[in-house]
Amino acid sequence: MILKDKTLVTTNSAKLKAGQKQELDVAFYLRRAFKDHPQVFVFNDVKFKHNGESAQIDHLIVYTYGFILIESKSITGEVAINQHQEWSRSYRGQWQGMPSPIKQVELQLAVLKSLVRDNAPQLLPKMFGKIQQNFGGRAWHSICAISSNAIINRDNTPKTLEERLVKSEFIADKLLDIMKLPASIPNALHFFSTNTRPWFSEESLVRICEFLLEQNITPATQLKPDAIASSLNEPSPIYQNETPTLAPTSITPITQEQPNVVNDVNLQCKQCNNQTTLKARPGRYGYFVTCGECDTNTPMKTSCPQCTSANTKVSKRKDLYSLVCGDCENTALFKFD
């Protein structure tokens, strides 16, 4: 399930454009593989702050057994890593050193791990009502997704590092190999299986995902994905200092009224058309409402009330539920009587 899409900014920097293009490519493959997966939750482009440290994560996967962080790296030409784990890249026949994206994503992982561990009491239940669970035993992985047109020189790359490098088009295969998901979501009978990995309950997954959405630092501006050119070339290895120019349109809080915009969604039970006693709930396939009259469940995801597009997603912040349209960008609040 895709819980957070990539937020784009306008820029005249070819380097930043290429980076955004690479992140969009990886996000595309993640959407194709996991948009309807009940055990995999995808966050693209999230930023957290904790204990004075910040982490900008290109792609975050939360799944039944843990977390995977993905660093997207746009590279045109060849990249090589020596036995000391030092990175270098070539462009137009010239080689130069570059920062290790693996080290970068490891630093981000440390911040995220500290954030969720310090908030374990609100994210994980107590065992037998007394012993507070923590994130010990959960899986933590970090990998690097490199541009599909790059050449990876693996001759001297340490084996442990080589396994964490993947071309964009193979990202889903790599993730499935890491996650090793069961055919169904684990339950109490999971204790009697040969798979002994600690897992998150459905309730814990919902809490963790909602917490991460609330903790994400939302930028003041965003741009539709089609504003980025479909074909981008990487610039010279020696980049000029360029400051991105952000689009002037700011994100409007979902509670603010806008003229000529439909800001309410009136749901009704799909079975009895009741609108008055609906209770919103989270589920493995997204948010839904339960009818108080006939006890039928109805998905909250519906067409945009402004433009009728089906490209919508349901978002929750505290007790407010909203429907966000990916086409007209209208945000409408769900209205419960």
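Computed with a 1.4 Å probe over protein heavy atoms only, the accessible surface of the range 281-336 comes to 55 Å² per residue.
Checking the cross-link pairs 113/335; 47/279; 174/313; 130/313 against a 30 Å limit on the alpha carbon distance flags 113/335; 47/279; 130/313 as lying beyond it. With r as the distance between the Cβ atoms of residue 277 and residue 103 and R0 = 51 Å, compute the FRET efficiency 1/(1 + (r/R0)^6) and round to 0.05. That pair, residue 103 with residue 277, gives E of 0.40. Note on the range 56-168: Cα-only Rg and Dmax are 17.6, 63 Å.
Largest accessible area first, the residues 71, 53 order themselves as 53, 71 under a 1.4 Å probe with ligands, DNA and RNA left out.
Think of a 1.4 Å ball rolled over the protein heavy atoms: the range 1-104 then has 42 Å² of accessible area per residue. When you count the other C-beta atoms within 10 angstrom of each residue and take the mean per peptide, 157-166, 61-70 line up highest first as 61-70, 157-166. Using a simple spin-label model with pseudo-atoms 7 Å out from Cα toward Cβ, residue 117 and residue 151 lie 4.3 nm apart.
The values are calculated or read from the model by the stated rules, or taken from the named source; none is laboratory data. What you are looking at is a predicted structure, and each value in this text was computed from that prediction instead of being measured. When we count neighbours, we look across all protein chains shown, and the Cβ atoms used for this are built from the backbone with ideal geometry, even at glycine. Areas reflect the complete protein model, heavy atoms only, side chains present, ligands, DNA and RNA absent. Shrake-Rupley method; radii C 1.70, N 1.55, O 1.52, S 1.80 Å.
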